[in-house]
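This report refers to the structure that appears directly beneath it.
The values are calculated or read from the model by the stated rules, or taken from the named source; none is laboratory data. Everything quoted here is computed from the prediction, not taken from an experiment. Here the Cβ is made from the backbone with ideal geometry for all residues, glycine too, and neighbour counts use every protein chain on show. Ligands, DNA and RNA are excluded from the accessible area calculation, which covers all protein heavy atoms including side chains. Shrake-Rupley method; radii C 1.70, N 1.55, O 1.52, S 1.80 Å.
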Amino acid sequence: MDLQTKALHSGYQKDGARTMAVPIYQSTAYEFRDVEHAANLFALKELGYIYTRLNNPTTDVFEKRFAELEGGEAAIATSSGMSAIFFAIANAAEAGDNIVCAKQLYGGSLTQTAHTLKRFGIESRFFDVHKPEEIEALVDDKTKVIFFESLTNPSIDVADIEAITAIANKHGILTVVDNTVATPVLCRPFEFGADISVHSASKYTTGQGLAIGGIMVERKGLLEKLKGNPRYAHFNEPDASYHGLVYVDVPLPPYTLRARLSLLRDIGAVSSPFNSWLFIQGIETFALRMREHSSNALQLAEYLESHPKVLKVNYPGLKSNSNYANAQKYFDNGASSGLLSFEVSSLEEATKIVNATELYSLVVNIGDSKSIITHPASTTHQQLTQEELNACGVPAGLIRISCGLESIKDLIADIKQALEA
Ligand SMILES: *Cc1c(COP(=O)(O)O)cnc(C)c1O
């Protein structure tokens, strides 16, 4: 089945009322038939619903549908993209372990890995996403995860997924790919050797800026990589917190199972049924939207590249971009999503342009159907000096756009009047 068909049907079996729309099961808990039924559910002898912190029928549809789109085996929905990333890492690493991360990460992922996980005793080591060969010198027998973004936010680089996963597989290490910006519509990291993907559902999945959420997906056949692998002893040894369960001995996708039984149970950052329902609505038009976001962004990038006031345009779909070859290789038809940035001569010039746009909203978000404009030097990167800004690839005159679904004619006309104001 094609992705667009799965996006409309996967994971939903109509219930008694045969509703066309997936129902919102707004319930904290579920009645057991009797004591034996309850005991069987807890012992995993029978699968079913227990308590919405662990599972929920609406969230179930979202998880199954998203896993299908990504080409994975199972998924677990979380309350935000950040919690999905935390679960993906904490499911593999503990105090005394390390993880190897790309330097080019979302700001929250950088602070989570470099600072918050450090306080949990997990060390993060960083490599340049353009130089996967740096990974080799960073891994050791305590390395539990290699973490990177397929299409990076905010630097807009495209990872060489196969080069990274090849090194990871040589060492039997799990790879976690943040596929938020590329989305399963454009890129399916499991086809290129990745093990686990994570997403902020707050971006293109909801698609209209409606809700915060996240999801972690596990590839098919991950069991073989975990079974007997000395790096992942906690999947192979009895879990004292779940009366001696050995995750690799249960015929269920092990990474998602452990994340649900242990992390969701104890940390609790779960998707609410209503938010899961919103994400299901978003998914119905996922493929249509991503095609349009990508086409609009490419046309806008081409226009900006032709404008005399613009020094440089960063968009992987442009032939002039250093990520072009990777975008062609890893993204369907080279379609490169909606994120682009461009540089003008100065901070003053950039400020003037951002203030003069009318259609683009000044917002710190991406992946909305409405176009968004940001000026990193005066907002997210405000505390940095001129030299520091240049060093991290954020010149003072850099403007970032998350290209929405407005008519491209109107988007170009508005940026033109702002550039020439
Ligand atoms: C927004 C974002 C996140 C964080 O997701 P939240 O849902 O805001 O917690 C993680 N990774 C990427 C690439 C993002 O863009």
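Quick look at the values:
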{"quantity": "Gyration tensor verdict on region 63-188 (Cα atoms; rounded if a/c is under 1.5, prolate if a/b is larger than b/c, oblate otherwise)", "calculated": "rounded"}
{"quantity": "Rounded Å value of the spacing that divides the Cα centres of region 90-158 and region 3-76", "calculated": "32 Å"}
{"quantity": "D332/A421 FRET efficiency (R0 35 Å; Cβ-Cβ; nearest 0.05)", "calculated": "0.40"}
{"quantity": "Whole-angstrom gap from region 252-271 to region 313-330, using each part's C-alpha centre", "calculated": "37 Å"}
{"quantity": "Solvent-accessible heavy-atom area per residue, rounded to whole Å², over region 287-420 at 1.4 Å", "calculated": "45 Å²"}
{"quantity": "Per-residue [θ]222 nm for the chain (sum of -39500 (n - 2.57) over DSSP H runs n ≥ 4, rounded to 500)", "calculated": "-9500 deg cm²/dmol"}
{"quantity": "Antiparallel DSSP beta bridges within the chain, as percent of all bridges there, nearest 5", "calculated": "55 percent"}
{"quantity": "Ranked by how many other beta carbons lie within 10 Å on average, peptides 187-195, 23-31 from highest", "calculated": "187-195, 23-31"}
{"quantity": "Solvent-accessible area, 1.4 Å probe, carbon plus sulfur percent, for the chain", "calculated": "54 percent"}
{"quantity": "Karplus (6.51, -1.76, 1.60) ³J(HN,Hα), θ = phi - 60°, over region 138-144, in Hz, Gly and Pro reported as x", "calculated": "9, 8, 8, 6, 9, 7, 10"}
{"quantity": "Sorted peptide list for 315-328, 138-151, 41-54, criterion being average Cβ within 10 angstrom, highest first", "calculated": "138-151, 315-328, 41-54"}
{"quantity": "Rounded to 10°, Cα long-axis angle of helix 57-70 versus longest principal axis of the chain", "calculated": "60 degrees"}
{"quantity": "Reachable lysines from K309, criterion Cα separation under 29 angstrom, eight or more residues apart if same chain", "calculated": "K319, K352, K370, K409, K416"}
{"quantity": "Modelled FRET efficiency - R0 25 Å, R291 with A325, Cβ distances, 0.05 increments", "calculated": "0.70"}
{"quantity": "Extreme residue, positive dipole direction of region 24-144, given options L54, L117, F32 (C-beta unit charges)", "calculated": "L117"}
{"quantity": "Proximal lysines relative to K220, as straight alpha-carbon distance under 18 Å, when same-chain residues fewer than 8 apart are discounted", "calculated": "K6, K64"}
{"quantity": "Extension gain, L311 back to A21 (0.36 nm per residue minus Cα-Cα distance, nm)", "calculated": "99.6 nm"}
{"quantity": "Helix 81-90 vs. the chain, principal-axis angle (Cα, 0 to 90°, nearest 10)", "calculated": "50 degrees"}
{"quantity": "Shape of region 68-107, Cα gyration tensor, a/c cut at 1.5", "calculated": "prolate"}
{"quantity": "Cβ-defined net charge surrounding A269, 13 Å radius [Lys, Arg +1; Asp, Glu -1]", "calculated": "+2"}
{"quantity": "Euclidean distance of C-alpha centroids, region 379-415 and region 163-242, integer Å", "calculated": "30 Å"}
{"quantity": "Accessible area (Å², per residue) of region 3-281, counting only protein heavy atoms and a probe of 1.4 Å", "calculated": "40 Å²"}
{"quantity": "Set of aspartates and glutamates with alpha-carbon distance to K227 below 20 Å, sequence-local pairs under 8 removed", "calculated": "E73, E94, D97, D140, D141, D195, E218, E237, D239, D249"}
{"quantity": "Nonlocal amide H pairs with S369, under 5 Å, H built at 1.01 Å", "calculated": "Q208, G209"}
{"quantity": "Degrees separating the helix 273-284 axis from the principal Cα axis of the chain, which is the longest one", "calculated": "60 degrees"}
